[in-house]
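Step one of this worksheet: look at the structure below.
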Amino acid sequence: DAGVTQSPTHLIKTRGQQVTLRCSPKSGHDTVSWYQQALGQGPQFIFQYYEEEERQRGNFPDRFSGHQFPNYSSELNVNALLLGDSALYLCASSPPGTGGNEQFFGPGTRLTVL
Amino acid sequence: AQSVTQLDSHVSVSEGTPVLLRCNYSSSYSPSLFWYVQHPNKGLQLLLKYTSAATLVKGINGFEAEFKKSETSFHLTKPSAHMSDAAEYFCVVTSGYNKLIFGAGTRLAVHP
């Protein structure tokens, strides 16, 4: 049983560019959450998708947007990249009916903005 | 609002000695609490979770944590550290539906 997978593993972009990160949840999971982890810090919640809708959002600007597909996979898009967007981006999935009690994390995508 | 404070940014122990990683939480309702571990270049792995059942929670790899409402604490312990326990540990509280609030992390070093 494959866990949460993310692609790409690493990414280098320049300021002002746009980036798309991808996530496939664990089999049977229907909810996907995205987190940003800056170097030396704990992950910060970006947003969560359920039934192809953004259900909850953290304190991130509108430059951060996302999408969930019918197969529950998800994308995170970041526009107009800033140096401060350099971080590890983590995707987590949750099984149905858990009420947020357990999230399974992928290995992350390391984004570097130059 | 929900939050967690990890009281130590770094903890260093010798192999075979006990581990104590401290966490205090703040929550306006009965929280769910977790400990996650992150090894270098690896994803986050759930160690254990508290969801209003038993206050002493046992997790993987010999770790356990005790929920103390009167002290708003959820400290992580292990009787005997192993070299493979060296990693970053995060205390986490739920906030809203499926939203996790992470502490700043505690880096555990284990010396031979």
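The values are calculated or read from the model by the stated rules, or taken from the named source; none is laboratory data. All of these numbers come straight from a predicted model, not from anything done at the bench. Note that each Cβ is placed from the backbone with ideal geometry, even for glycine, and that neighbours are counted across all protein chains shown.
Structure notes:
- Some residue of region B:94-106 being among the polar types (S, T, N, Q), under 13 Å from the mean Cα position of the chain (by Cα) and at pLDDT 95 or above: yes
- Matching residues, region B:28-47, being over 15 Å from B:Glu88 (Cα atoms) and in contact with a strand residue (DSSP E or B) (Cβ under 6 Å, 6 or more places away or on another chain): B:Pro31, B:Ser32, B:Leu33
- Criterion (within 11 Å of chain B (Cβ to nearest Cβ), farther than 30 Å from B:Asp8 by Cβ and out of contact with any Ser or Thr (no Cβ under 6 Å at 6 or more places or on another chain)) met by exactly one of A:Arg57, A:Arg15: A:Arg57
- The residue that is farthest from the other protein chains (Cβ to nearest Cβ), among those in region B:26-43 that are assigned to a loop (DSSP other than H, G, I, E, B) and among the small types (Gly, Ala, Ser), is B:Ser28.
- Restricted to strands (runs of 3 or more DSSP E) entirely inside region A:1-97, those with at least 2 residues that are touching a Phe, Trp or Tyr at 6+ places or on another chain (Cβ under 8 Å) and either crowded, with 17+ Cβ neighbours inside 10 Å or free of Cβ contacts under 8 Å to residues at least 24 places away in the same chain (or both) are A:19-24, A:31-37, A:44-50, A:53-57, A:64-68, A:74-78, A:87-94.
- Residues in region B:89-103 that are touching a Ser or Thr at 6+ places or on another chain (Cβ under 7 Å) and at the interface with chain A (Cβ under 9 Å from one of its Cβ atoms) were compared, and the one that is surrounded by the most Cβ atoms within 10 Å (Cβ to Cβ) is B:Leu100.
- Pick from region B:46-82, criterion surrounded by fewer than 16 Cβ atoms within 10 Å (Cβ to Cβ) and within 14 Å of another protein chain (Cβ to nearest Cβ), ranking: nearest to A:Gln41 (Cα to Cα): B:Ile60
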